[in-house]
Amino acid sequence: MPDDHFNKINIRALDQNETVPYNLLLLADPSKALIDVYLRNSIVYIAEQENKTIGVCVLCSLNKVTAEIKNIAVATAYQGKGIGTLLLNHATAIAKEQGFRTLIISTANSSAGQLYLYQKLGFEMMEIRKNFFIDNYAEPIYENGIRCKDMIMLSKSLK
Ligand code: ACO
């Protein structure tokens, strides 16, 4: 449940001239090279508390009707307080407002908590990209004792 500081959290789009919070983005995606590719076509939203950036969410336009949340991360000390949910709901509302009909979010086969959270917020599994993390990341990744191999894509209708 949100704590006492929940109401003091502000979410806003990052200006082009502001520093991108790579420290947070790298919590969700260990490849800076891949992050830099999707940042070119995205808007970065940050969650701030007392001028400190504690969360980030990257909304990328794939085409006229489909957007994708490419990256969502909350600073470790602030996780489990509802901020991720707040950022996901914010990105969903913005995508809908901008006229997108479908919102996609992807994670790994090993990301049990993330799969739980996204489905809880209404995303449904749509596709599995076999061996995506083996083919695109230099180092093996393990989560919850499971090898991160496949990308699970989930989508939500915004109609
Ligand atoms: N393991 C278990 N449960 C989790 C996890 C997890 N990793 N993450 C969220 N949950 C559950 C919470 O327990 C909570 O459950 P409840 O509603 O039943 O109480 C629910 O999901 C909502 O949690 P929030 O507090 O809103 O989520 P949080 O602020 O911690 O943000 C996030 C979730 C963004 C996944 C955060 O944990 C994080 O930054 N993790 C590291 C980076 C990461 O893995 N990002 C996602 C990668 S995929 C992508 O970027 C598209």
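The values are calculated or read from the model by the stated rules, or taken from the named source; none is laboratory data. Everything numeric here is computed off the predicted structure, so don't read it as measured data. Cβ coordinates were reconstructed from backbone atoms using ideal geometry, including for glycine residues, and neighbour counts include every protein chain displayed. These area figures cover heavy atoms from the full protein model, side chains too; ligands, DNA and RNA do not enter into them. Shrake-Rupley method; radii C 1.70, N 1.55, O 1.52, S 1.80 Å.
How about segment 58-96: which of its residues are within 14 Å of the ligand (Cβ to nearest atom), open to solvent by 40 Å² or more (accessible area, probe 1.4 Å) and either assigned to a helix (DSSP H, G or I) or farther than 17 Å from Leu34 by Cα (or both)?
Once the filter is applied, which keeps residues that are within 14 Å of the ligand (Cβ to nearest atom), open to solvent by 40 Å² or more (accessible area, probe 1.4 Å) and either assigned to a helix (DSSP H, G or I) or farther than 17 Å from Leu34 by Cα (or both), segment 58-96 yields Thr76, Ala77, Tyr78, Gln79, Gly80, Lys81, Thr85, Leu86, Asn89, His90.
Please go through segment 134-159 and pick out each residue that is within 16 Å of Thr102 (Cα to Cα), touching a residue at least 60 places away in the same chain (Cβ under 8 Å) and either open to solvent by 80 Å² or more (accessible area, probe 1.4 Å) or in contact with a helix residue (DSSP H, G or I) (Cβ under 6 Å, 6 or more places away or on another chain) (or both).
Once the filter is applied, which keeps residues that are within 16 Å of Thr102 (Cα to Cα), touching a residue at least 60 places away in the same chain (Cβ under 8 Å) and either open to solvent by 80 Å² or more (accessible area, probe 1.4 Å) or in contact with a helix residue (DSSP H, G or I) (Cβ under 6 Å, 6 or more places away or on another chain) (or both), segment 134-159 yields only Leu158.
What's the number of the only condition in (1) over 22 Å from Leu34 (Cα atoms); (2) exposed (fewer than 15 other Cβ atoms within 10 Å of the Cβ); (3) of a type outside the set (A, V, I, L, M); (4) modelled with pLDDT of 95 or more that Glu127 fails to meet?
Exception for Glu127: condition (1).
Just give me the residues in segment 101-140 being within 17 Å of Pro30 (Cα to Cα) and either in contact with a Leu (Cβ under 6 Å, 6 or more places away or on another chain) or within 11 Å of the ligand (Cβ to nearest atom) (or both), in sequence order.
Ile105, Ser106, Thr107, Ala108, Ser110, Ser111, Gln114
Check whether at least one residue in segment 68-76 is touching a residue at least 60 places away in the same chain (Cβ under 8 Å) and within 27 Å of Gln16 (Cα to Cα), and report yes or no.
No: zero hits.
All but one of (1) within 18 Å of Lys70 (Cβ to Cβ); (2) at pLDDT below 95; (3) within 9 Å of the ligand (Cβ to nearest atom) hold for Asn144; which doesn't?
(1)
What pairs come up if the first residue lies in segment 22-49 and is under 20 Å from Tyr142 (Cα atoms) and modelled with pLDDT under 95, the second is in a strand (DSSP E or B) and within 10 Å of the ligand (Cβ to nearest atom), and their beta carbons are under 8 Å apart, counting only those six or more places apart or on different chains?
Asp29/Lys70; Asp29/Asn71
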